[in-house]
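K.L.:
This structure is in structure tokens; I'll ask about it shortly.
The values are calculated or read from the model by the stated rules, or taken from the named source; none is laboratory data. All figures in this text were calculated on a predicted structure; none of them were measured in a lab. Note that each Cβ is placed from the backbone with ideal geometry, even for glycine, and that neighbours are counted across all protein chains shown. For the accessible areas, the whole protein counts, side chains as well, though only heavy atoms, and no ligand, DNA or RNA atoms are used. Shrake-Rupley method; radii C 1.70, N 1.55, O 1.52, S 1.80 Å.
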Amino acid sequence: MIVSKMIEFFDITKSSIVLIDESSITKEELPGLDPDGKAVTRYILRAVDDEGNSLHKLCSKEEFDKLPKT
């Protein structure tokens, strides 16, 4: 039996926390620069709630790596 985990996202339109099944989350790495010009990578989780609102969440590399590849 496979058990999916729920991930918390903050929905700005509802001003509340919503739970999204990890199987419907996509992962994205966003390379960029910090204020000192050093290369950094930001880790983003994206999802769509039951009303069709786009949600995103910045997370740590550890949390990002725990989720299955999408």
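K.L.:
Residue by residue through segment 16-27, note down the ones that are in contact with an Asp or Glu (Cβ under 8 Å, 6 or more places away or on another chain) and either surrounded by 10 or more Cβ atoms within 10 Å (Cβ to Cβ) or in a loop (DSSP other than H, G, I, E, B) (or both).
P.N.:
V18, L19, I20 - these are the residues of segment 16-27 that are in contact with an Asp or Glu (Cβ under 8 Å, 6 or more places away or on another chain) and either surrounded by 10 or more Cβ atoms within 10 Å (Cβ to Cβ) or in a loop (DSSP other than H, G, I, E, B) (or both).
K.L.:
Has segment 55-64 got any residue that is open to solvent by 50 Å² or more (accessible area, probe 1.4 Å) and on the phi > 0 side of the Ramachandran plot?
P.N.:
The answer is no, given that none of the residues of segment 55-64 is open to solvent by 50 Å² or more (accessible area, probe 1.4 Å) and on the phi > 0 side of the Ramachandran plot.
K.L.:
Among (1) open to solvent by 100 Å² or more (accessible area, probe 1.4 Å); (2) at pLDDT 95 or above, where does L30 come up short?
P.N.:
Checking L30 against (1) open to solvent by 100 Å² or more (accessible area, probe 1.4 Å); (2) at pLDDT 95 or above, the one that fails is (1).
K.L.:
Sticking with this one: May I ask you to say which residue of T13, T41 is of a type in the set (V, I, T) and assigned to a loop (DSSP other than H, G, I, E, B)?
P.N.:
T13
K.L.:
Of (1) among the small types (G, A, S); (2) open to solvent by less than 80 Å² (accessible area, probe 1.4 Å); (3) modelled with pLDDT under 95; (4) not in a loop (DSSP other than H, G, I, E, B), A47 satisfies all except one. Which?
P.N.:
(3)
K.L.:
Is it the case that some residue within segment 34-46 is among the hydrophobic types (A, V, I, L, M, F, W, C) and either touching a Cys at 6+ places or on another chain (Cβ under 8 Å) or within 25 Å of S4 (Cβ to Cβ) (or both)?
P.N.:
yes
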